[in-house]
Amino acid sequence: MPAPEYHEQLWREVPPGCPPAQFEPRLAFLRRHVPAGARVLDVGCGEGAFAGAIAAADAVVTGIDVAREPLRRAAERHPGLDLRLVTAEPPHWPLPDVAFDVVWAGEVLEHVADTAGWMSEVRRVLRSGGTLVMSTPDHGPLARLALGLSRPAFDRHFDPRSDHLRFYTRHTLAVLLSEFRFEDVRLAGLGGLPGARRTILASARRARF
């Protein structure tokens with residue numbers, strides 16, 4: 001199945017209006033990094049829940065996604081948002097260089113096949129000293145141990161038909177950000193138990209040079 005149709009099919013299986021997982025704590029984390037008037041890019045904006053909330057707080061928001069269906073829903077739910085369709089493979093975002101103060105990518109990175117290309121686009125559109133804010137599933141030590149001890153849990157988690165392509169720990173995410181010249185990398189956990197958090201919350205500043 002071609003990539004565009006694959007993404008459309010995934011979205012057709014998502015009920016309209018389904019709230020993003022852990023929406024309120026992730027939104028609170030994002031808001032701490034978005035000053036009033038900031039130019040914000042919501043990568044993988046889906047139905048626009050985060051983009052709409054940040055726009056209502058006086059940010060200037062652009063939302064991008066790889067499928068038309070979520071953008072159609074976002075336009076209905078949040079009239080006036082700047083919403084754009086992008087290509088997934090290879091990543092190409094129809095956006096100018098250094099156009100944003102903040103890039104938000106909530107539960108997106110784990111779906112990306114060309115991680116290097118994706119990170120390069122983030123750097124290109126983010127101004128020098130701008131902030132990348134992210135969330136992605138956490139595969140910490142206790143979570144990995146639990147998966148290793150349960151074959152059914154392992155098989156469900158790593159189902160080859162899943163749309164999750166990458167699996168991050170705090171260490172691997174920090175290394176990735178550093179390799180693409182992001183500084184002041186800060187990581188926190190959300191949900192679950194210590195050592196077995198469900199989500200990594202990350203922020204990092206684009207190096208000025």
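Observations, loosely collected:
- FRET E, pair SER120, GLU13, Förster distance 25 Å, beta-carbon r, rounded to 0.05: 0.25
- Over the stretch 1-120, Cα pairs under 8 Å with separation of 6+ residues give a relative contact order of 27 percent.
- Each principal axis of the Cα atoms in the stretch 32-148 has its own extent, and those three values, largest first, are 47, 33, 31 angstrom.
- Contour excess over end-to-end distance, with Cα ends at LEU95 and ARG32 and 0.36 nm allotted per residue: 20.2 nm
- For the stretch 1-43, trypsin sites (Lys or Arg not before Pro) are listed when DSSP marks them as loop and at most 16 other Cβ atoms sit within 10 Å of their Cβ; the list is ARG32.
- Electrostatic dipole magnitude of the chain [Cβ: Lys, Arg +1; Asp, Glu -1; Cα centre; debye, to 20]: 620 debye
- Packing here is the average count of other Cβ atoms within 10 Å per residue, and on that basis the peptides 132-140, 174-182, highest first, run 132-140, 174-182.
- Working from Cα pairs under 8 Å separated by at least six residues, relative contact order for the chain is 18 percent.
- Size descriptors for the chain: radius of gyration and Dmax over Cα atoms are 16.7, 49 Å.
- Extended-chain gain in nm, criterion 0.36 nm per residue less alpha-carbon gap, ALA56 and HIS157: 32.8 nm
- For the listed peptides 70-77, 14-21, 44-51, a ranking on the average number of other beta carbons within 10 Å per residue, highest first, reads 44-51, 70-77, 14-21.
- When the alpha carbon gyration tensor of the stretch 120-189 is reduced to an equivalent ellipsoid, the three semi-axes, largest first, read 30, 14, 8 Å.
- Other-chain or far-sequence residues with amide H under 5 Å of VAL108's (modelled H): SER135
Bear in mind these aren't lab numbers, they're just calculated from the coordinates by the rules spelled out. As the structure is a computational prediction, the values presented were derived from the model and not from experiment. Backbone-built Cβ (ideal geometry, glycine too); neighbour counts: all protein chains shown.
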